[in-house]
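Enquirer: First the structure, then my questions, so here it is.
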């Protein structure tokens with residue numbers, strides 16, 4: 001699925017001759033900029049109710065910003081030769097080791113704050 005999306009994005013980009021602007025540095029910056037625009041939608045929503053209202057009332061904007069972030073992530077993955085699916089699965093494996101179910105279930109603690117079982 002990521003390959004199909006990335007191919008469609010690359011076609012769109014290449015039809016406009018925008019690859020010249022898509023260095024790893026520029027794509028990384030674009031991810032951060034678009035993520036900030038995504039965060040801006042929720043900036044002043046303090047309560048869950050207010051956050052729910054943002055989702056309901058600004059769903060189109062939310063979708064657009066999520067798409068922008070994903071577009072730049074996929075382009076960056078292509079640029080640096082990283083498979084997004086493989087990267088996610090590898091990170092899940094690392095997180096699985098850092099966050100054992102018995103210590104992390106229902107907890108927001110960082111892995112460095114979890115207790116470890118003695119061997």
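The values are calculated or read from the model by the stated rules, or taken from the named source; none is laboratory data. Since the model is a prediction, treat every value here as computed from it, not as a measurement. Every residue, glycine as well, gets a Cβ built from its backbone with ideal geometry; the counts of neighbours run over all protein chains shown.
Residue by residue, here is whether (1) out of contact with any helix residue (DSSP H, G or I) (no Cβ under 6 Å at 6 or more places or on another chain); (2) surrounded by 14 or more Cβ atoms within 10 Å (Cβ to Cβ); (3) assigned to a loop (DSSP other than H, G, I, E, B) holds:
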| site | (1), (2), (3) |
| --- | --- |
| 32 | yes, no, no |
| 52 | yes, no, no |
| 74 | no, yes, no |
| 91 | yes, no, no |
| 108 | yes, no, yes |
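Enquirer: Take the conditions in contact with a helix residue (DSSP H, G or I) (Cβ under 7 Å, 6 or more places away or on another chain) and surrounded by fewer than 11 Cβ atoms within 10 Å (Cβ to Cβ) and apply them to residue 47. Does it pass?
Expert: Judged against the criteria, residue 47 is not a match.
Enquirer: I need every pair where a residue in the range 16-41 that is at pLDDT 95 or above has its Cβ under 7 Å from the Cβ of a residue that is surrounded by 12 or more Cβ atoms within 10 Å (Cβ to Cβ) and not in a helix (DSSP H, G or I), sequence separation at least 6 or different chains.
Expert: Within 7 Å, the pairs are 41/58.
Enquirer: On to the next question. I'd like to know if the range 99-106 contains one or more residues that are assigned to a helix (DSSP H, G or I), under 30 Å from residue 4 (Cβ atoms) and out of contact with any strand residue (DSSP E or B) (no Cβ under 9 Å at 6 or more places or on another chain).
Expert: no
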